[in-house]
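The values are calculated or read from the model by the stated rules, or taken from the named source; none is laboratory data. These figures come from a predicted structure and were not determined experimentally. Because the Cβ atoms are built from the backbone with ideal geometry, glycine has one as well, and the counts that use them run over all protein chains shown. Just so you know, the surface numbers come from the protein's heavy atoms only, side chains and all, with ligands and any DNA or RNA stripped out. Shrake-Rupley method; radii C 1.70, N 1.55, O 1.52, S 1.80 Å.
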There are 2 protein chains.
Amino acid sequence: MMKALVNKKSSEQASETEISVNHQKLIDATIETIAKRGLADTTIAHVAKRAKVSQGYANFRFKSKDNLLISSLQYLSDEYKKSWQKIFEEKNIDPIDRIIRIIQNDFSSKIANRNKISVWIAFYSEVKFRPSYLAICQRQDEIYSQQMEKLVSEINNITNQKEFTPKEVSETYHSMVDGLWQRILFDPKIYTNEFCKNLVLKYFKSIYVNEDRFA
Amino acid sequence: MMKALVNKKSSEQASETEISVNHQKLIDATIETIAKRGLADTTIAHVAKRAKVSQGYANFRFKSKDNLLISSLQYLSDEYKKSWQKIFEEKNIDPIDRIIRIIQNDFSSKIANRNKISVWIAFYSEVKFRPSYLAICQRQDEIYSQQMEKLVSEINNITNQKEFTPKEVSETYHSMVDGLWQRILFDPKIYTNEFCKNLVLKYFKSIYVNEDRFA
DNA sequence: ATAAAAATTGAATGATTATTCAATACAAAA
DNA sequence: TTTTGTATTGAATAATCATTCAATTTTTAT
């Protein structure tokens, strides 16, 4: 069978940043398997089958199951990061519009869907016992929080809001997002993405009373 | 060795509500083991050793590992429920004082500590794949939410607050609590119980602007 | 004290699963 | 085409673990 490398124009151009098709197929299959069966029931055999490679290959390619799981979490983290980085990097956009874009992103169906959330929570649940999981999650949180605080700070200036510090608003938002994601898992009938997004908007409305865009 | 039944005054008084010492010892050991090692690494052997009974007995007593885990989650759920039920049942207490008591309870060290939280999240992470876990979690949420909404409704009346519905406030609070518990796991240095409690109080301050008890 | 019943043990069993690796298929180079 | 190196397979291995159960200890009833 032929399983070629992608990006490989010629053998000399091979580099450590090069990713094989199978590499990505296995990461995708891992995330899908965790979403469908749960982390506890995710075996190399299931993942390999879903990725349509042999069980031995999956292990060979990632050296260990542990490593495959870490790579999958890293991928998920990068994917999420890209989606909000893009919004933070947009030019000529009003801070309030920007934060609304951030909220929309956090509750978009691409980000806040039951499959993705169940995978996140699966990893979260092991964070206390796996330093490598913790490191990935913490690194992500740190940058996100930093950017959020800066953004809230701008909004506070514009609106002349002094009662609530950027840190407070940012942390409250962040915890609401995490909490609401969790509840989407429990009861997606009630916690639709619309419902969650509006709840968050309403929170901002309570802080920035005169700003109609949060209504 | 003697392993006696507790509450057993005489053999005739035996009833299905009777709980043996070993039953509780095993549930405690299960929760401790999940807290110390994570759900993925919690084996009957570990639990039995911690409870100081034989491995065979642990299985015999609960019929299966699955059943032991479900019983442990139920116990955790009951324990939490008792702590807030007590507050909801207190008489002659002002609604605002009552909700402050609820907040204090949710971030008391007995409830919001890393061990308990890691166990909750371990179960949460499997909720999508285990209907029995889901049922326990949902049942708890339902009653809690119901009581919270009623309480917020009273507060809204007293304070003449019309902008935010009881459901909105209650859901926002609930998601904040879930989210903050999660973050206590990630970074207990930053997310101390005090910090979390104050963040929530500040949220209520943003809703009930003139109420100084939330300050 | 003795017998019967119940509780508890611990070793054996069988199932599951990550990991290894010799064998094979394939691609690139000559 | 032949050779050489790399990718991939799939079956074997070894470890882990829930579950079972015959044997033993402890409790209860007589």
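Looking only at the range B:178-215, residues that are assigned to a helix (DSSP H, G or I) and β-branched (Val, Ile, Thr) come to 3 in all. Residue count for the range A:189-215 satisfying the condition of being under 28 Å from A:THR165 (Cβ atoms) and among the acidic types (Asp, Glu): 2.
If you go through the range A:96-114 and keep only what is open to solvent by 10 Å² or more (accessible area, probe 1.4 Å) and part of a helix (DSSP H, G or I), you end up with A:ASP97, A:ARG98, A:ILE100, A:ARG101, A:GLN104, A:ASN105, A:ARG114.
Can you say whether A:ALA122 is touching a helix residue (DSSP H, G or I) at 6+ places or on another chain (Cβ under 7 Å), open to solvent by less than 20 Å² (accessible area, probe 1.4 Å), facing chain B (nearest Cβ under 8 Å) and of a type outside the set (D, E, K, R), as far as the supplied structure shows? Don't jump to the end; show me each part of the working.
Values: touching a helix residue (DSSP H, G or I) at 6+ places or on another chain (Cβ under 7 Å): yes; open to solvent by less than 20 Å² (accessible area, probe 1.4 Å): yes; facing chain B (nearest Cβ under 8 Å): yes; of a type outside the set (D, E, K, R): yes.
In short, yes.
Check the range B:42-61 and report whether any residue there is at positive phi and within 16 Å of DNA strand C (Cβ to nearest atom). Within the range B:42-61 (the criterion being at positive phi and within 16 Å of DNA strand C (Cβ to nearest atom)), the answer is yes, since at least one residue qualifies. Only a single criterion out of (1) of a type in the set (Asp, Glu); (2) without any contact (Cβ under 8 Å) to a residue 24 or more places away in the chain; (3) over 15 Å from A:LYS202 (Cα atoms) is not satisfied by B:GLU168, namely (3). Would you mind finding the one in B:ILE31, B:ILE93 that is of a type outside the set (Gly, Ala, Ser) and either surrounded by 19 or more Cβ atoms within 10 Å (Cβ to Cβ) or outside any loop (DSSP other than H, G, I, E, B) (or both)? Answer to the check: B:ILE31.
Per the conditions (1) within 14 Å of chain B (Cβ to nearest Cβ); (2) touching a residue at least 24 places away in the same chain (Cβ under 8 Å); (3) within 16 Å of DNA strand C (Cβ to nearest atom); (4) buried (at least 17 other Cβ atoms within 10 Å of the Cβ), the sole criterion not satisfied by A:SER132 is (4).
When the range A:67-103 is examined, which residues are found to be without any contact (Cβ under 8 Å) to a residue 24 or more places away in the chain and within 16 Å of DNA strand C (Cβ to nearest atom)? Answer for the range A:67-103, where residues must be without any contact (Cβ under 8 Å) to a residue 24 or more places away in the chain and within 16 Å of DNA strand C (Cβ to nearest atom): just A:ASN67. Of all residues in the range A:145-177, those satisfying the criterion of being among the hydroxyl-bearing types (Ser, Thr, Tyr), within 12 Å of chain B (Cβ to nearest Cβ) and either surrounded by 20 or more Cβ atoms within 10 Å (Cβ to Cβ) or in a helix (DSSP H, G or I) (or both) are A:SER145, A:SER170, A:THR172, A:TYR173, A:SER175. On the stretch given as the range A:190-200, residues that are more than 10 Å from every other protein chain (Cβ to nearest Cβ) and surrounded by fewer than 18 Cβ atoms within 10 Å (Cβ to Cβ) total 2.
Looking for whichever is among the acidic types (Asp, Glu), out of contact with any His (no Cβ under 7 Å at 6 or more places or on another chain), at the interface with another protein chain (Cβ under 10 Å from one of its Cβ atoms) and open to solvent by 10 Å² or more (accessible area, probe 1.4 Å) here; the options are B:ASP212, B:ASP187. Which one fits?
Values: B:ASP212 fails: at the interface with another protein chain (Cβ under 10 Å from one of its Cβ atoms).
The conditions single out B:ASP187.
Restricting attention to the range B:41-63, the residues that are within 23 Å of the chain's Cα centre (by Cα) and crowded, with 16+ Cβ neighbours inside 10 Å total 5. There is no residue in the range A:65-82 that is farther than 25 Å from A:ASP141 by Cα, within 16 Å of DNA strand D (Cβ to nearest atom), in contact with a Leu (Cβ under 8 Å, 6 or more places away or on another chain) and in a helix (DSSP H, G or I).
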